[in-house]
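A.B. asks: This is the structure, below, for whatever I ask next.
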């Protein structure tokens, strides 16, 4: 029996939770061999050292690719992507995989797609077909057009990928593997650790046991110049509410230096006693923190995906998740202190929020492994329509 070598490239903190259960299923499948490559900000301490959690979970890393350039602006994003193409091309040449997997829509994922496609290696794209309206959407759709097999997270996304001209026989709605983790947490939601004792972080030792909110706000790459001003509105709103708050550091995108400097400046000048800051957490711990919270605030896709499944109230701020299919748990608002406060109060007191299975049923990882094991993977295609 021949074994397929499946090379998966994880380039950032959120990508790990988007693929973790699929990594396990591929690793354990008798017809598949996992080749795990960790790259980009997933290797960097200032963005949470996702690689440490990956290794702690028992995954063997085949290659590490350091490719992030300083700057957190559009030019550094473009150069990081270019460096990623060069480095990943060498990695794929050495590993000789039977297929390469690129995940979702972060700017550097296009480097994975180019490096594989140009070497005639079958490319598999996870979570294509979604819309958001910024640079992520361009990257996501570009990955789709370079990919040979599409494993999408919703029926809405599946229909969109087929409308883009992809062969319907190569488009599968597997759901998102992050929902597998959310399913585990929904069945065992107890917050069985002290977040501050386990992860440290920075800021006041808040009294979170009587209720808390969580904030995760990233810059929008097409609006990066306003990143600092945007995060300051959220900081003022959360400070005004004076509720215990766990706040997470932004991703490495254009504008993240503005978001980070805004947080640091506000922390130094105002010394908020209700906010504690973290860089990262293990995926399961993060979901436990969310499911036990009163509300998630910011613009992370976790509010759209996992929180919808878990029934966690969400205040989504700004345009970063524009047009992405969402559940009744989400309310949208703009970067305005008073409107953010009003939206948070609305979500916390709402009694109409229910769990919804928009992005999967909790079995995505195994579905992905089974498809990869059984399907014949081409390395070229033609437009169907």
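A.B. asks: Residues in the range 146-195 that are within 23 Å of residue 285 (Cα to Cα), within 19 Å of the chain's Cα centre (by Cα) and part of a helix (DSSP H, G or I): how many?
C.D. replies: Going residue by residue through the range 146-195, those that are within 23 Å of residue 285 (Cα to Cα) are 153, 175-195.
Now restrict to residues that are within 19 Å of the chain's Cα centre (by Cα): 153, 175-185.
Applying the additional criterion that residues be part of a helix (DSSP H, G or I) yields 177-185.
Within the range 146-195, residues that are within 23 Å of residue 285 (Cα to Cα), within 19 Å of the chain's Cα centre (by Cα) and part of a helix (DSSP H, G or I) number 9.
A.B. asks: May I ask you to list the residues in the range 1-21 that are in contact with a strand residue (DSSP E or B) (Cβ under 8 Å, 6 or more places away or on another chain) and outside any strand (DSSP E or B)?
C.D. replies: Narrowing the range 1-21 to residues in contact with a strand residue (DSSP E or B) (Cβ under 8 Å, 6 or more places away or on another chain): 3-11, 15-16, 18-19.
Scanning the range 1-21 gives 3, 11, 15, 16, 18, 19.
A.B. asks: Among the residues of the range 350-368, is there at least one that is surrounded by 15 or more Cβ atoms within 10 Å (Cβ to Cβ), more than 22 Å from the chain's Cα centre (by Cα) and part of a loop (DSSP other than H, G, I, E, B)?
C.D. replies: For the range 350-368, residues surrounded by 15 or more Cβ atoms within 10 Å (Cβ to Cβ), more than 22 Å from the chain's Cα centre (by Cα) and part of a loop (DSSP other than H, G, I, E, B): present.
A.B. asks: Please specify each residue of the range 257-276 satisfying the condition of being touching a helix residue (DSSP H, G or I) at 6+ places or on another chain (Cβ under 7 Å), over 23 Å from residue 210 (Cα atoms) and surrounded by 20 or more Cβ atoms within 10 Å (Cβ to Cβ).
C.D. replies: 258, 259, 262, 263, 266, listed by residue number.
A.B. asks: Select, from 161, 202, the only residue that is closer than 23 Å to residue 270 by Cα and either surrounded by 16 or more Cβ atoms within 10 Å (Cβ to Cβ) or assigned by TED's automatic domain parsing to the domain that holds residue 326 (or both).
C.D. replies: Working: 161 fails: closer than 23 Å to residue 270 by Cα.
Answer to the check: 202.
A.B. asks: While we're looking at this one, here's another question. Looking at (1) without any contact (Cβ under 8 Å) to a residue 40 or more places away in the chain; (2) within 18 Å of residue 340 (Cβ to Cβ); (3) assigned to a loop (DSSP other than H, G, I, E, B), which is the one condition that is false for residue 315?
C.D. replies: Single failed check for residue 315: (3).
A.B. asks: May I ask you to say which residue of 11, 21, 81, 75 is under 20 Å from the mean Cα position of the chain (by Cα) and surrounded by fewer than 24 Cβ atoms within 10 Å (Cβ to Cβ)? I'd like the intermediate steps shown before the answer.
C.D. replies: Values: 11 fails: surrounded by fewer than 24 Cβ atoms within 10 Å (Cβ to Cβ); 21 fails: surrounded by fewer than 24 Cβ atoms within 10 Å (Cβ to Cβ); 75 fails: under 20 Å from the mean Cα position of the chain (by Cα).
After ruling out the rest, the residue left standing is 81.
A.B. asks: Give the residues of the range 208-230 that are surrounded by 23 or more Cβ atoms within 10 Å (Cβ to Cβ), in contact with a strand residue (DSSP E or B) (Cβ under 9 Å, 6 or more places away or on another chain) and closer than 17 Å to residue 47 by Cβ, sorted by residue number.
C.D. replies: Within the range 208-230, 215, 217, 218 qualify.
A.B. asks: Filter the range 123-145 down to the residues that are assigned to a helix (DSSP H, G or I) and either within 17 Å of the chain's Cα centre (by Cα) or more than 22 Å from residue 377 (Cα to Cα) (or both) and list them by number. I'd like the intermediate steps shown before the answer.
C.D. replies: Taking the range 123-145 as the starting set, the residues that turn out to be assigned to a helix (DSSP H, G or I) are 135-145.
Result: 135, 136, 137, 138, 139, 140, 141, 143.
A.B. asks: Sticking with this structure for a sec: Return yes when residue 89 is in contact with a helix residue (DSSP H, G or I) (Cβ under 6 Å, 6 or more places away or on another chain) and either over 18 Å from residue 255 (Cα atoms) or at pLDDT 95 or above (or both) and no when it is not.
C.D. replies: Details: in contact with a helix residue (DSSP H, G or I) (Cβ under 6 Å, 6 or more places away or on another chain): yes; either over 18 Å from residue 255 (Cα atoms) or at pLDDT 95 or above (or both): yes.
In short, yes.
A.B. asks: Also, quick follow-up: If you take the residues in the range 85-111 that are in contact (Cβ under 8 Å) with a residue 40 or more places away in the chain and farther than 27 Å from residue 221 by Cβ, which one is surrounded by the fewest Cβ atoms within 10 Å (Cβ to Cβ)? Full working, then the answer.
C.D. replies: Filtering the range 85-111 down to residues in contact (Cβ under 8 Å) with a residue 40 or more places away in the chain leaves 87-88, 91-92, 95-104, 106-109, 111.
Now restrict to residues that are farther than 27 Å from residue 221 by Cβ: 95-99.
On the way: 95: 15, 96: 11, 97: 22, 98: 18, 99: 22.
The extreme case among them is 96.
A.B. asks: Residue 341: modelled with pLDDT of 90 or more, surrounded by 15 or more Cβ atoms within 10 Å (Cβ to Cβ) and outside the structural domain of residue 171 (by TED's automatic domain parsing), yes or no? Write out each step before concluding.
C.D. replies: Details: modelled with pLDDT of 90 or more: yes; surrounded by 15 or more Cβ atoms within 10 Å (Cβ to Cβ): yes; outside the structural domain of residue 171 (by TED's automatic domain parsing): yes.
Yes; evaluated as a whole, the condition is true for this residue.
A.B. asks: A further question follows. Within the range 291-311, which residues are touching a strand residue (DSSP E or B) at 6+ places or on another chain (Cβ under 6 Å) and not in a strand (DSSP E or B)? If you could, list the steps in order and put the result at the bottom.
C.D. replies: First, the residues of the range 291-311 that are touching a strand residue (DSSP E or B) at 6+ places or on another chain (Cβ under 6 Å): 293-300, 303, 307.
Selection gives 293, 294, 295, 299, 300, 303, 307.
A.B. asks: Let me ask something additional. Restricting to the range 227-257, name every residue that is more than 25 Å from residue 345 (Cβ to Cβ) and free of Cβ contacts under 8 Å to residues at least 60 places away in the same chain.
C.D. replies: Within the range 227-257, 227, 228 meet the criteria.
The values are calculated or read from the model by the stated rules, or taken from the named source; none is laboratory data. This is a predicted model, so every value here is computed, not measured. Ideal geometry is used to build each Cβ from the backbone, glycine not excepted, and the neighbour counts take in all protein chains shown.
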